[in-house]
There are 4 protein chains.
Amino acid sequence: MPQSLDDIRYEVALANRILAHEGVMDAFGHVSVRHPDDPGRYLLSRSRGPELVEPADILEFDLDSEPLVPPTARLYSERVIHGEIYKARPEVTAVCHHHSPAVLPFCLTGKKLTPVYHLGAVIGLNAPFWDQRDEFGDTNLLVVKPEEGRSLARALGAHWVVLMRRHGATVAGTTLRDCVFRTIYSCRNAEYQLQAEKYGAIGPLSAGEIEQAGGIHQQAGPLNRAWEYWVRRIEKKGEAPPRTRTTAARRAKSSARRVKPAPRRKAARKGRR
Amino acid sequence: MPQSLDDIRYEVALANRILAHEGVMDAFGHVSVRHPDDPGRYLLSRSRGPELVEPADILEFDLDSEPLVPPTARLYSERVIHGEIYKARPEVTAVCHHHSPAVLPFCLTGKKLTPVYHLGAVIGLNAPFWDQRDEFGDTNLLVVKPEEGRSLARALGAHWVVLMRRHGATVAGTTLRDCVFRTIYSCRNAEYQLQAEKYGAIGPLSAGEIEQAGGIHQQAGPLNRAWEYWVRRIEKKGEAPPRTRTTAARRAKSSARRVKPAPRRKAARKGRR
Amino acid sequence: MPQSLDDIRYEVALANRILAHEGVMDAFGHVSVRHPDDPGRYLLSRSRGPELVEPADILEFDLDSEPLVPPTARLYSERVIHGEIYKARPEVTAVCHHHSPAVLPFCLTGKKLTPVYHLGAVIGLNAPFWDQRDEFGDTNLLVVKPEEGRSLARALGAHWVVLMRRHGATVAGTTLRDCVFRTIYSCRNAEYQLQAEKYGAIGPLSAGEIEQAGGIHQQAGPLNRAWEYWVRRIEKKGEAPPRTRTTAARRAKSSARRVKPAPRRKAARKGRR
Amino acid sequence: MPQSLDDIRYEVALANRILAHEGVMDAFGHVSVRHPDDPGRYLLSRSRGPELVEPADILEFDLDSEPLVPPTARLYSERVIHGEIYKARPEVTAVCHHHSPAVLPFCLTGKKLTPVYHLGAVIGLNAPFWDQRDEFGDTNLLVVKPEEGRSLARALGAHWVVLMRRHGATVAGTTLRDCVFRTIYSCRNAEYQLQAEKYGAIGPLSAGEIEQAGGIHQQAGPLNRAWEYWVRRIEKKGEAPPRTRTTAARRAKSSARRVKPAPRRKAARKGRR
C-alpha cells in the first residue's frame, strides 16, 4: 500500500517531534524525506522548532533546495544539507541534521565515534568529520551556501553519519524510520562510549559484528518496535501532530489502529525465531 | 490466596512498564515470569516496547522458548535467554533482560560491578561477565540460538546478575517483584559506583554486609514499599496497563485497594521493629 | 497562630513528597517533625514511599521510637535515627534521613562535603562521617537498634548533616522547612562540588562566608520563597497530599490562599532591602 | 506596533518561567527588562520563585532599585544587580541573574567560559569573572548594597556574561528575548565545554566565527524560532502565566495567534535563503 503525500507529511512531522522528545533536538534541527514519486524533490518543514512541526508545515523543495511554490513563511537556512545529500546519494531517502548534546563532545574535540554496543552498529564502520573552516575559513558555522552543502555531502561519502566540527551532526537513512533509528541510537552509542571510556579501555564491536548487528534497524521487527514505542510516548503526552482534515477522514474510514503500520509491517507480522 | 493467571499477566505487564518508567529499558528489553502451576512454562510478552506491554500481550512458552499456541504476532528474538535460565535454575521464577545505560559502561569495558551501598547488596557477591564472541565469534550480538542461551545461563551460574559484553545484562529473581527490585537497585548501584570512584577509593560492602543487606529485598516490608512506589508512579501518570474484562470484574467485586497486595503482604502488615 | 496537629501532619506529608519530587528520595527515606506541644514525642509516617505519604499516615512516637498507639500498619525500621537525635539535640525539631544520589559518592569514598556556593552554606562548617561498621561490625547497614541510633546522633554532634558510610545521610533542622531547605541545598552543593572539582581547584567558602550565608535559610524571605516553589511544583502536577476532612473544612472557612503561610511569614511580608 | 506595559509584564513573567522550565533557575534567580518609555526605570517581579511569577507580580523600580510605589510584598534583595547594570550600559534593556548548575563549575573553580559551538557564540569573546570577596571581604555572597552592584557592573564591562565566584552568573541582553537566548545558550555551551574537555582538546571558535555566529540571536529567524519553542513548551504543560483581565480582553479582539509576535517578526516573515 503506497503512502499518500498526506501520510508522509504526517510522518515527517512525527519524526521531527520524536527526535525532539527523545532529546536529540531542541529549538533547532530538522529531518526531511525524499519525495516518494519524484526523486528530484524532498519534503521539509518551514522554519520552526521540531517539537512543534505540523503536517501543514511540510513544504516541497527541489534538490537545489528551492521551494516549489513561493514560501509564505520563513524557511530553514540550512536546507542545502538535505538537497546536496539527496543529489549525491540516490539510495538515501531521509536526512536528519541535529546538534544533540550526545555528539557535541565529539564535534568539539574531533574524537572518533565508534560502535560500542549492538544498537550502535547503526553508525556503520566509520563516522567521518567535516570542518567547515577547512574549506570556507571563518563563517557563522551554518551550512547555507550550495558549495557548503556539497562539501558536507562529500565528507559524508558512502557513510551514514557525518560529524560537523563545532556544530553538530547529519545522519542519512534508507527510509525515514531508518533515519530516525540511526539518529537516536548513534546518539545513545555516543553517550555510552564517552561514559564508558572513563572507566577502562573499551572493546569495540568487530567489523563483522558491526555488519551483522547493523542490519537490526533494517529488519521490520526491531525497527517497528522502536517506532511504535517512540510514537506512543508522544501520543501519551498528547504531543502527536494534529491530523489534517484529509488524513483524519481517511483514518476514520479505515481501522482504529493507533499506530500507523510501516510499509513492511505486514510481512513482519509472522512469528519468527 | 493464589494469583490467577490473569493477575499474573497484569503483573508482568506492570513489571515491564515499571522497568521502562524507571529508566532501565527503552524500546528494548523484557521481563518474564515462570508459570505458577507448571515450572516447564513461562510467560513473556509478544514483541513490543516494554512501556507498552498489556496483559493481553503476555503469551506462554515452553522452556525451549517455543510458544504454546502458534503466534499471531511477532515474538522477541531473544526468548532463549529466559527459557535456558529457567531450565538451569529451578529456584528462579523471573528473568529480566535489559540494556540499561547504568550498566553499559561495565559491559563496554569489562569493569567489575560491586555492591557499594546497602541496596546494592541485591547484586550478590559477584556479577559474572559473558562475552558472546568467546564461544560464537562474530554475531549480531543477539542471544537467539538455544546454545547461545545455554552459554549465557552457564555464565550466570548460581549468581543473580550476569553482564553481557557490548550488549547489556540479565537479572534473575526468586519472584517477579524480587527480580524487578534486583534489576532497579543493581542499576542504581552501578551508577553510584561509577560516579563515586572518580572521587576516591570506594570502600565496598564486606561479604557479611552483602549477605545481611542482601536480604532486604526478600523481606515483605522493603519489597512491597518499593513495589507500591513504582506502581503508583505509573498509575499517577495514567500509564498502568489496561485491565482485561475478567480482571476488572473480579476487582470490582473485591475491595477498592489501588495497589494489588503481594502474596506475602498479609503477614507483613504486622508492625515490627 | 499556632498550627494544629492536622496542619502539621499535612506539612510533614508535603515535606516527604517535596523531597521525593526534588530527587532526594526514591522508595526509601523519611522526614519527621518533633511534636509541637510535647518535646518528648515526634511525628513520622508509617512505612511507605515518601512520594505517597498522606496526612493520615503520620503517627506519633515517643523518643524511644515506640508508637504511642499499637500500630495497625508496618513501621519504618530505622525510626531510632529520629528518636535518638531528638533526645540529643533539644533545639532540633525536624530530622530527614535519605540516600540521595547527590551524597552517595561522598558516602562511598569518605570524601569531605564542603560548602562551595552561597546556598551550600546550609551544611555548616563541617559534615561529619559515621561508619556503622566501626562500632557494630557487619550489619545489614540499617540503623535499627537504639544503640545504633545513639551512635549516629553522637557522630552528628552539634552539626546539621551527618554522612553515613555505604548508606546515605541524615539532616537536622530547627524547623521542618529549615530541614527541607538544608536537605535539598546540601544535595545541590554536593553535586556542584563533585562536578566542579573535575575542572580545577575549588575555592570554597570562608568560615565567615559560611556563617553569614548560612543564615539565609533562617530568614523568612528565602525560606518561604523556596517552600512556595517546591509546594507549587507538586501542586501543579496534582501530587499534593490529600486534605483530611478536618483540614479541608477549616481551610474552606479561612482565606483562599493556596500556599499555607509559614509561622513567621507575616513579619516577613514587609518590604526590605 | 509598540508593546503595552501589560504585554511587557506578561512577557517578563513568561521569560522567568521559561528560564525555570529550561533548567536555568530553581527557587532563585530573576530576569528584568528596562521600561520601554523611561530608560530610568526597570520592571522586575516581587520576590518569588521564577517558575511562579505572574504579570501582576511585576513592579517598577528606579535605577537605584527603589520601588516606585511602596511595596506591599517582599522584594528580591539583589535588585541592585539590575539597576546598576542599566545605569552602566545604556544599550542593555534586559538583565538575568541566575545560579544555573551549568555555570557553577566555572564559578567554583575560576575556569574560563569559552564559545565552543555556533550557538555558544552568544557569550561573546570573553566572559569576565567577579569575586565579591576581593572588594568586600566576607559577606553572605548576595549582591545587596549599591556598591556591590556597581562593582559587578564594572566587572561585566562591555561584555554580555559575567561569572560570579561561589555564586552564579549575570547576563545582559539588547532585548528581553535576546537576554533569554543568551542565558540559555551560554548555559548549554558551558555544559558542552565541560563535557567535551574530558575527552580531548577543544578547538574553540575563532574570533571571526564568534563574531559571525554571535549574530544569530540577533536575527528574527533563529530568535523567534527559539522563543516560540520555549513558550509552547510551557504552554503545553499549562504553565504559561495567567493573563490579566486587560490583556485577555485585548487578545480576544485581535487575532487568535497563540505566540505573541516579536517586534521584528513581521519583517522576518519573508522567505529567505
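The values are calculated or read from the model by the stated rules, or taken from the named source; none is laboratory data. Keep in mind it's a predicted model, so treat the numbers as computed, not measured. A quick note on method: Cβ atoms are made from the backbone with ideal geometry, for glycine too, and the neighbour counts reach across all protein chains shown. Quick note on the areas: whole protein, heavy atoms, side chains included, nothing else; ligands and nucleic acids left out. Shrake-Rupley method; radii C 1.70, N 1.55, O 1.52, S 1.80 Å.
Table for the structure above
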{"item": "Output for the stretch A:119-144, where each listed residue is more than 10 Å from every other protein chain (Cβ to nearest Cβ) and hydrophobic (A, V, I, L, M, F, W, C)", "result": "A:Val122, A:Ile123, A:Leu125, A:Ala127, A:Phe129, A:Trp130, A:Phe136, A:Val143"}
{"item": "Conditions (1) farther than 21 Å from A:Pro146 by Cα; (2) in contact with an Asp or Glu (Cβ under 8 Å, 6 or more places away or on another chain); (3) part of a helix (DSSP H, G or I): number failed by A:Gly83", "result": "(1)"}
{"item": "Check on C:Arg166, in a helix (DSSP H, G or I) and among the basic types (Lys, Arg)", "result": "no"}
{"item": "Top-ranked residue of the stretch B:159-172 - restricted to ones that are more than 14 Å from chain A (Cβ to nearest Cβ) and free of Cβ contacts under 8 Å to residues at least 60 places away in the same chain, ranked as surrounded by the fewest Cβ atoms within 10 Å (Cβ to Cβ)", "result": "B:His159"}
{"item": "Within the stretch D:95-118, considering residues that are away from chain C (no Cβ under 13 Å) and within 15 Å of D:His159 (Cβ to Cβ), the one nearest to the chain's Cα centre (by Cα)", "result": "D:Cys96"}
{"item": "Boolean, D:Glu235 is over 16 Å from the mean Cα position of the chain (by Cα) and at pLDDT 95 or above", "result": "yes"}
{"item": "Pairs where the first residue, in the stretch B:197-214, is closer than 12 Å to B:Tyr117 by Cβ and at the interface with another protein chain (Cβ under 7 Å from one of its Cβ atoms) and the second is part of a helix (DSSP H, G or I) and β-branched (Val, Ile, Thr), C-beta under 6 Å, 6+ apart", "result": "B:Ile202/C:Thr109"}
{"item": "Tally, over the stretch D:196-211, of residues that are assigned to a helix (DSSP H, G or I), buried (at least 18 other Cβ atoms within 10 Å of the Cβ) and not acidic (Asp, Glu)", "result": "2"}
{"item": "Count - residues of the stretch B:86-118 that are open to solvent by 10 Å² or more (accessible area, probe 1.4 Å) and either at pLDDT below 95 or not in a helix (DSSP H, G or I) (or both)", "result": "10"}
{"item": "Test for A:Tyr229: is it touching a helix residue (DSSP H, G or I) at 6+ places or on another chain (Cβ under 6 Å) and among the hydroxyl-bearing types (Ser, Thr, Tyr)", "result": "no"}
{"item": "Evaluation of D:Glu148 against (1) farther than 13 Å from D:Thr170 by Cβ; (2) not in a loop (DSSP other than H, G, I, E, B) (one fails), failing number", "result": "(1)"}
{"item": "Whichever residue in the stretch B:221-243 is among the small types (Gly, Ala, Ser) and either more than 8 Å from every other protein chain (Cβ to nearest Cβ) or not in a helix (DSSP H, G or I) (or both) and, among such residues, is most open to solvent (accessible area, probe 1.4 Å)", "result": "B:Gly238"}
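Okay, residues lined up against (1) touching a residue at least 40 places away in the same chain (Cβ under 8 Å); (2) open to solvent by less than 10 Å² (accessible area, probe 1.4 Å); (3) closer than 30 Å to D:Gly110 by Cα; (4) within 14 Å of chain B (Cβ to nearest Cβ):
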position: C:Pro146; (1), (2), (3), (4): yes, no, no, yes
position: C:Ser151; (1), (2), (3), (4): no, yes, no, no
position: C:Ala155; (1), (2), (3), (4): no, no, no, no
position: C:Thr174; (1), (2), (3), (4): yes, no, no, no
position: C:Arg177; (1), (2), (3), (4): yes, no, no, no
position: C:Tyr185; (1), (2), (3), (4): yes, yes, yes, no
position: C:His217; (1), (2), (3), (4): yes, yes, yes, no
